[in-house]
Structures are given as structure tokens and as C-alpha cells.
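Trainee: One structure follows; several queries about it will come next.
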Amino acid sequence: MAGQGKLTDIMRSLNQANEVGRMIRESGFQLEKSDLKRILAELTGAISEAKMELGILQGHLFDKDAELKAMGELLHTKANLRRRGDAYYKARDNQTYGQPYCSYCWEGESKLFHLHNRILKKDVRICPHCKNEYQAARTPFLEADGLLIQ
Ligand SMILES: [Zn+2]
């Protein structure tokens, strides 16, 4: 089906344009004005269709680029995260540091949310997204002593 930015549709339109050129050549460049009008209309139609399909294809490529970029970022994040206690932390040289991330959200949805201290409860942390609670002792803030963080 046309209108989906498929290469086969683009090729079909370009072949149609090529066919118009062949018809003009085969006529020995001697065409009635009415035939010439009709053939030029076909040519214009074929080129317009190819342009439209190329525009759609470019949109698809844009989307794929964005998808690849997001996947690359996710892979990079995954490579630099380590579980420690009940949370995930950024890691450098296998050493975890910084603030804890919710393990439920990371393992379930690959999303990172910092745990917050529960108001008036110093020993409980909470995820602002899934509202799971964690013991503060098992999700400490880790100093980055000795690490070269960029
Ligand atoms: Zn969560």
C-alpha cells in the first residue's frame, strides 16, 4: 500500500517516471500536444508520489535514529549501574557511589528514580514513582571518596 514510505513504492514511482521517458524516446520525440500533456502529467504524478514516499521514509529514519539513541543510552546506563543492598547505584570501576535508585522501577521498567527520605522517618526511604518503601540502612547514600567522577 502506498503512503507508508516503503522502498518498493518509491521504486515503483521512479520506474513509472522512467517509463514516461521511454515513451517519449520511442515516439522519436514526436508527440501530439495532447499526448505530451498526458505523459507530462503522469511524470509529474510519479515524481510527486516518490517525493511524498521519500518524506515518509525520512520520518521513519528519524524515528529509528531516536530509538537507537535511546537504546544506546539505556545500554550505557545499564553498564554503569550495580545493585547494592536493596537499591541500584551508579558505579565506576565496579565501585558503587551516589544516591540509591529504586530497584523495583529499574528492574520492572528500566526507569531510574532516586529514593527520597520519608518525611519524619529517617529510617525509611520511598520511591516517588512506585511508592515502594525501603529501609534506609539497606539503601545508604554512598560517598564517592577516591573515585574520579566525570
Ligand atoms: Zn520505584
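The values are calculated or read from the model by the stated rules, or taken from the named source; none is laboratory data. Not measured: the values here are computed from a predicted model. Heads up, the Cβs are rebuilt from the backbone with ideal geometry, glycines too, and the neighbour counts pull from every protein chain shown. In case anyone asks, the SASA skips ligands and DNA or RNA and just uses the protein heavy atoms, side chains included. Shrake-Rupley method; radii C 1.70, N 1.55, O 1.52, S 1.80 Å.
Trainee: Name every residue in region 85-128 that is assigned to a strand (DSSP E or B), open to solvent by 40 Å² or more (accessible area, probe 1.4 Å) and either within 16 Å of the ligand (Cβ to nearest atom) or among the hydrophobic types (A, V, I, L, M, F, W, C) (or both), in order of residue number.
Mentor: If the condition is that a residue be assigned to a strand (DSSP E or B), open to solvent by 40 Å² or more (accessible area, probe 1.4 Å) and either within 16 Å of the ligand (Cβ to nearest atom) or among the hydrophobic types (A, V, I, L, M, F, W, C) (or both), then Gln99, His114, His116, Asn117, Arg118 are the ones that fit.
Trainee: Test Lys131 against the criterion of being open to solvent by 100 Å² or more (accessible area, probe 1.4 Å), within 16 Å of the ligand (Cβ to nearest atom), assigned to a loop (DSSP other than H, G, I, E, B) and not assigned by TED's automatic domain parsing to the domain that holds Glu19, and give yes or no.
Mentor: yes
Trainee: For region 16-58, which positions are within 28 Å of Gly5 (Cα to Cα) and not in a helix (DSSP H, G or I)?
Mentor: Scanning region 16-58 gives no hits.
The rows are residues; the columns are (1) β-branched (Val, Ile, Thr); (2) open to solvent by less than 90 Å² (accessible area, probe 1.4 Å).
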{"site": "Lys6", "(1), (2)": "no, no"}
{"site": "Arg12", "(1), (2)": "no, no"}
{"site": "Ala17", "(1), (2)": "no, yes"}
{"site": "Gly21", "(1), (2)": "no, yes"}
{"site": "Glu26", "(1), (2)": "no, no"}
{"site": "Phe29", "(1), (2)": "no, no"}
{"site": "Leu43", "(1), (2)": "no, yes"}
{"site": "Ile56", "(1), (2)": "yes, yes"}
{"site": "Leu81", "(1), (2)": "no, yes"}
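Trainee: Does Asp86 satisfy being in contact with a helix residue (DSSP H, G or I) (Cβ under 7 Å, 6 or more places away or on another chain) and under 30 Å from Thr139 (Cα atoms)?
Mentor: Judged against the criteria, Asp86 is a match.
Trainee: Residue pairs, Cβ under 6 Å, 6 or more apart or interchain, first in region 114-134 and under 13 Å from Pro100 (Cβ atoms), second away from the ligand (no atom under 13 Å from the Cβ). List them.
Mentor: Listed by first residue and then by second, the contacts come to His114/Gln99; Val124/Arg118; Arg125/Asn117; Arg125/Ala136; Ile126/Arg118; Glu133/Val124.
Trainee: Could you count how many residues in region 134-145 are open to solvent by 90 Å² or more (accessible area, probe 1.4 Å) and either out of contact with any strand residue (DSSP E or B) (no Cβ under 9 Å at 6 or more places or on another chain) or closer than 13 Å to Tyr88 by Cα (or both)?
Mentor: Going through region 134-145 one residue at a time, the tally reaches 2.
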